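Report on the structure given below.
Just so it is clear, none of the values below were taken in a lab; they were calculated from the coordinates. These numbers come from a predicted model, not from an experiment. Note that we place each Cβ from the backbone using ideal geometry, even for glycine, and neighbour counts take in every protein chain shown.
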Amino acid sequence: MPSHQRVEPGSINLPIADLSKIHCDDPEPKDIEKATQEWVGAFNSAIQNADFAGLADLFVSEGFWRDHLCLAWSCNTFKGAAAMVEFLKKGCRLKSVAVDASSEFRKPVATAFDGKGKIRGVQTFLTTESDVGRGLGVARLVVQEGKLKALTLFTSMRELKGYEEATFGRRPEGVSHGGHPGTTGCGGEL
């Protein structure tokens with residue numbers, strides 16, 4: 001069987017998205033950052049309180065959530081709120097998401113999601129935290145029924161708590177090379 005027709009265990013073939021079903025009330029919210037923070041707050045509340053109806057209301061009916069290791073020790077793709085809720089009822093390691101404001105590039109921005117520019121919304125980068133690790137994410141949000149709803153959400157764990165990669169400020173300093181006045185050069189004092 002050709003690889004493009006084979007379905008690997010635990011995966012699904014994703015059909016090409018029919019964005020014509022996405023009807024946006026407004027092309028974008030008036031205050032993008034405030035609206036995005038409200039969506040993130042509602043998402044965190046729904047996850048932390050196991051409010052599955054509230055979680056379902058934060059996605060469009062044809063919304064997707066792709067997760068790499070934040071929810072479980074596997075990679076998962078959910079289409080529609082029913083699939084998300086069914087999985088999350090078994091348990092959820094994800095504790096919270098936050099808007100990633102680490103740079104100007106990563107902050108929430110209004111953009112088009114289709115090739116013709118008819119479906120407009122907000123794209124924001126996220127940081128994630130689960131009970132075992134931290135990671136990154138991306139959300140694409142559209143305005144429906146007067147509020148932002150997720151068209152797509154991607155979450156991904158990048159590091160395990162207690163086993164963080166030694167980069168930037170966590171990197172060991174190593175040996176101090178060069179001359180050191182007042183020492184013998186062998187590590188002893190004069």
Nitroxide proxy distance, nm - points 7 Å out along Cα→Cβ at residue 30 and residue 82: 3.8
Given backbone amide H placed at 1.01 Å from N, residues whose amide H is under 5 Å from that of residue 95, ignoring those fewer than 5 places away on the same chain, are 129, 130, 131
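Using the number of other C-beta atoms within 10 angstrom as an exposure proxy, rank 74, 156, 45 with the fewest first.
Values: 74 9, 156 17, 45 14.
Placing the least packed residue first, the sequence is 74, 45, 156.
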Measure nothing fancy, just the Cα-based angle from helix 32-48's long axis to the longest principal axis of the chain, in degrees from 0 to 90, nearest 10. 90
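More than 19 Å apart: what percent of Cα pairs in segment 36-121 qualify? Present the calculation step by step, with values, prior to reporting the outcome.
On the way: 1721 of 3655 pairs.
Of all Cα-Cα pairs in segment 36-121, 47 percent lie more than 19 Å apart.
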Dividing the mean separation of Cα pairs under 8 Å (6+ apart) by the residue count of segment 97-180 yields a relative contact order in percent of 19
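How many Å³ per residue does the convex hull of the Cα positions in the chain occupy?
Taking only Cα atoms, the chain has a hull volume of 219 Å³ per residue.
Given 30/79; 79/149; 107/147; 30/147; 30/107, which pairs have Cα atoms separated by over 21 Å?
Values: 30/79 29 Å; 79/149 14 Å; 107/147 19 Å; 30/147 11 Å; 30/107 16 Å.
Beyond 21 Å: 30/79.
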